[in-house]
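Here the structure comes first, spelled out in structure tokens, and everything after it is commentary.
Read the figures in this text as sums done on the coordinates, not as results from a lab. Keep in mind that this is a model prediction, so the values were computed, not measured. Cβ: placed from backbone, ideal geometry, glycine included. Neighbour counts: every protein chain shown.
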Amino acid sequence: MNQGKFITLEGGEGAGKSTQLHALAAALRARGLEVVETREPGGSEGAEAIRALLLTGGADRWSARAEALLFAAARADHIEKTIRPALSRGAWVLSDRFLDSSRAYQGQGDLSDADILTLHRIGSDGFLPDRTLLLTLPEEEATGRARARDGDAEDRIGGRANDFHRAVADAFGRFAREESSRVQAIDASGPAEVVTERLLAAIEDLLP
Ligand code: TMP
């Protein structure tokens with residue numbers, strides 16, 4: 001049995017990742033593949049418990065270092081309990097966010113990109129996706145979509161200042177430029193079906 005492929009969707013708040021994850025999963029199932037849809041933080045029992053710790057409570061609930069360690073711990077559990085077993089039985093795994101979110105969000109301020117990658121090496125042996133699809137939208141469009149979805153109910157991290165989210169978008173853009181064989185930027189504007197076609201085209205070479 002062939003090993004499945006591991007695909008991650010990344011991007012800032014309001015880029016449409018969850019909607020596109022479901023649509024891409026449906027398109028792959030229609031081609032006969034078994035597909036597991038998952039998300040971070042979360043995706044396993046332990047990691048979902050850590051998600052609740054990470055996303056609720058006051059802005060200063062965790063220090064930057066504690067927050068980065070919790071994300072890395074959640075990811076280690078997610079990989080061990082959900083992702084690796086699925087890939088081993090030949091399923092494809094689509095994850096709404098993964099390591100690049102930690103690099104973009106936690107890799108600002110106290111911790112460097114190298115620090116985040118070190119935590120990932122310790123937690124998860126440096127395990128990387130086969131392909132990462134970065135959904136990009138102009139800032140105003142993304143903010144509008146996130147506001148329509150969350151209203152005033154943003155989580156601990158989504159509710160940070162615009163400057164923070166701008167720096168996150170810049171970091172994602174840098175990954176796409178510097179790791180272009182793994183990370184592909186996809187224009188997320190326009191009708192959802194068109195965006196799904198763009199995503200499919202960006203993984204066409206991985207399909208059996
Ligand atoms: P979500 O809105 O996609 O469910 O993600 C929850 C929040 O967690 C979002 O604001 C991004 C943030 N996040 C990080 O800061 N680091 C990470 O490693 C991940 C996976 C998410």
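Taking the number of Cβ atoms within 10 Å of each Cβ as an exposure proxy, the fewest-first ranking of Thr143, Thr132 is Thr143, Thr132. Sorted into 5 angstrom bins from 0, the C-alpha pair distances of the stretch 78-208 split as 2, 8, 16, 20, 20, 17, 12, 4, 0 percent. This ranking places His22, His120 by how few other beta-carbon atoms lie within 10 Å of each, fewest first, which gives His22, His120.
Think of the chain as having a plus end and a minus end, set by charges on the Cβ of Lys, Arg, Asp and Glu; of Ala30, Pro138, Ala167, Ala30 sits farthest toward the positive end of this dipole. Overall, the chain carries a charge dipole of about 440 debye about its Cα centre when +1 sits on the Cβ of Lys and Arg and -1 on the Cβ of Asp and Glu, all other atoms neutral. For the chain, the relative contact order is 32 percent, taking Cα pairs closer than 8 Å that sit 6 or more residues apart in sequence and dividing their mean separation by the residue count.
Quick one: Glu154, Glu178, fewest Cβ neighbours within 10 Å first, how do they rank? Each step should come with its number before you reach the end.
Details: Glu154 15, Glu178 9.
Placing the least packed residue first, the sequence is Glu178, Glu154.
In this simple spin-label model, placing a label point 7 Å from the Cα along the Cα-to-Cβ direction at both Asp155 and Asp110 gives a separation of 1.9 nm.
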